[in-house]
Structure formats: C-alpha cells, structure tokens
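Okay, so here's the structure we're looking at.
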Amino acid sequence: MTNNNPIGLFDSGIGGTSIWKEIHELMPNENTIYLADSKNAPYGQKSKEEIIHLSNKNTEFLLNQNCKIIVVACNTATTNAIKELRAKYQVPFIGIEPAIKPAALHSKTQTIGILATQGTLNSELFHQTAQQFQDTKIIEQIGHGLVPLIEKGKINSPQIKELLNNYLQPMIEANIDYLVLGCSHYPYLLPQIKKILPKHIKIIDSGEAVAKQTKNILSEKNNLNQESHQPKNIFYTNANPTVLEKILKHNYPVIKKDF
Ligand code: DGL
C-alpha cells in the first residue's frame, strides 16, 4: 500500500459527499474514490444482513481500486456493519456515528433531538452510545421519506419542508437545544432546517470529526500522501448520475458503473 493510494468512501447514495467535502477540505492532497450505491438507496429500512451484504460489496469495489483506508460515509452502514467489516477486511475503516456525545455534554436543557434513519436508531451501536447519557433526554425521530427525496434532487421541495416541519416541531416543543443530524444525507437540508428551528438550537453533524479521525489514522500509519501533485477525485454511481453531478457543482466527472 503506497501513500498516494486513494481514500475510499461509500454511502447508500449521494449523502456521503457531505463527508467527502470535509475530507477533501482537510486533506486536499489526497486522492479519493467515492462510491454512491444509489441503486440500493435507501439503506435505512433494510435489514442488518442486507446492510452488511451491501457494505461488503462496496468495500470490495473500493479495495479492487487499491484504497488505503475506507470511510463508511453512512451512519446506517456504520452502525449496522462496521464491526463485521473490520473483522472481514485488513484495511482500516473509519465510520460515522451520530454526534450524541458532544450534544449531550453541552446541552443546557438536557434535552437533545436526533434525526436519523430507522436502521441507525434501531442499531445496537446507537443504543449503546445513547445509554451512556442517561441524564439527557434524547428525542429520536426517524427521517422517513427524506433520503429518497434527496436522492431525487428534491432538496428544496415543499415535500421536504413539510416532512421536516412534522419531525422538528415536536422537538422544539420538547425544548431541545441541540439537534443531531444522524444521517450523512441531512447536511444538505441545513438551509431548510435552519428556517424551522429557532436560532438558539444548535445543529451538529459528524462530518468534521470523521475527517479529522481519518487524517489522524493515516498520519499514525505514516500513510498521508506527501506528493503535491494534482490529486484525482473519482466518483462512481450505479444510478442516474445527474443529481450527484449537481451536488458536486459539476466540478468532478461522475462515472456510471454497475456494481
Ligand atoms: N446516508 C445514510 C446515513 O448516513 C443512509 C441513508 C439511507 O440510505 O437510508 O445513514
């Protein structure tokens, strides 16, 4: 494995590009390969077995492209499959989990909200983390319907606005002061969410922390790319590339491939 091998990332679709952006900003020198498994999105309602199966498939695709580290840029895949991935493959894995800890530690109302998929909120890993904060009331809300709309590019649609209103109003009434975005698709809804939430409610996600963790692990292993060449950033999707291209502002080519 050489230092200029790419960092591999995968998600059920386009959402993990929110993590890719953080990684690219922190380590602009690194080559990256991003895999959007949009054909199989959403992962949120699938069984643990299905999520493990899809995560294995995505990992093998990235390993065949010689990735030196794999970022599971999907909370649902991380919370359901990262243990199995780490047991099966030699490569280091970085996962993304909802940022309950910083929200619970800083909350003054001791009430926080979390918006995530069914798969994440029902996972053992999520329950284990949530249990560590018994003094904090955690209001869990499944973001039913959000990911399919985001995948269709309907980010600013009235449908999204209505769903978000339904999901967030009860949290506002319950006096949350932190909202945790527990799905890598949701940072794309920030402008909409900010219109609904009162200003004092802080919104957090795990993107920046994941990027820092990826850098730390690569640095520990002496595996950061030292070459100052123009890095290659490659994006693959197994569905219509239009929305992914748009989300990347047409700055990067998107390759359509069956995987
Ligand atoms: N982006 C994903 C996550 O972070 C998965 C969404 C889905 O496919 O349901 O959970």
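Mind counting the residues in the stretch 170-190 that are in a helix (DSSP H, G or I), more than 22 Å from V71 (Cβ to Cβ) and touching a residue at least 12 places away in the same chain (Cβ under 8 Å)? Residues that pass the stated criteria total 3. If the condition is being more than 19 Å from D205 (Cα to Cα), part of a loop (DSSP other than H, G, I, E, B) and either within 15 Å of the ligand (Cβ to nearest atom) or among the charged types (D, E, K, R) (or both), then the stretch 154-169 contributes only K154.
Quickly run through the stretch 174-211 and pick out the residues that are among the acidic types (D, E), in contact with a Ser or Thr (Cβ under 9 Å, 6 or more places away or on another chain) and within 16 Å of the ligand (Cβ to nearest atom). Residue satisfying the conditions is D205 alone. Selection of the stretch 228-250 for residues being in a loop (DSSP other than H, G, I, E, B) and either aromatic (F, W, Y) or in contact with an Asp or Glu (Cβ under 9 Å, 6 or more places away or on another chain) (or both) yields P231, N238, A239.
Against the condition touching a helix residue (DSSP H, G or I) at 6+ places or on another chain (Cβ under 6 Å) and at pLDDT 95 or above, how does T79 come out, does it pass? Quick ask: steps written out before the conclusion?
Details: touching a helix residue (DSSP H, G or I) at 6+ places or on another chain (Cβ under 6 Å): yes; at pLDDT 95 or above: yes.
Judged against the criteria, T79 is a match.
Here is a list of conditions, (1) in a helix (DSSP H, G or I); (2) in contact (Cβ under 8 Å) with a residue 40 or more places away in the chain, and T129 meets all of them except one; can you say which number that is? Unmet condition: (2).
Is it true that E49 is of a type outside the set (V, I, T) and more than 15 Å from G119 (Cβ to Cβ)?
Numbers: of a type outside the set (V, I, T): yes; more than 15 Å from G119 (Cβ to Cβ): no.
No; evaluated as a whole, the condition is false for this residue.
If only residues of the stretch 119-152 that are in contact with a strand residue (DSSP E or B) (Cβ under 8 Å, 6 or more places away or on another chain) and small (G, A, S) are counted, the one that is surrounded by the most Cβ atoms within 10 Å (Cβ to Cβ) is G143. From the list A103, A116, A73, A77, pick out the single residue that is more than 23 Å from Q132 (Cβ to Cβ), surrounded by 22 or more Cβ atoms within 10 Å (Cβ to Cβ) and not hydroxyl-bearing (S, T, Y). When all the criteria are applied, what remains is A73. Screening T120 against (1) farther than 26 Å from N31 by Cα; (2) part of a helix (DSSP H, G or I); (3) more than 16 Å from the ligand (Cβ to nearest atom) leaves a single unmet condition, (3).
Going by what's in this entry, would L197 be described as surrounded by 17 or more Cβ atoms within 10 Å (Cβ to Cβ) and in contact (Cβ under 8 Å) with a residue 60 or more places away in the chain? So L197 does not fit the description; no.
The values are calculated or read from the model by the stated rules, or taken from the named source; none is laboratory data. The structure presented is a predicted model; accordingly, all values stated were derived computationally and were not measured. Glycine also receives a Cβ, built like all others from the backbone with ideal geometry; neighbour counts cover every protein chain displayed.
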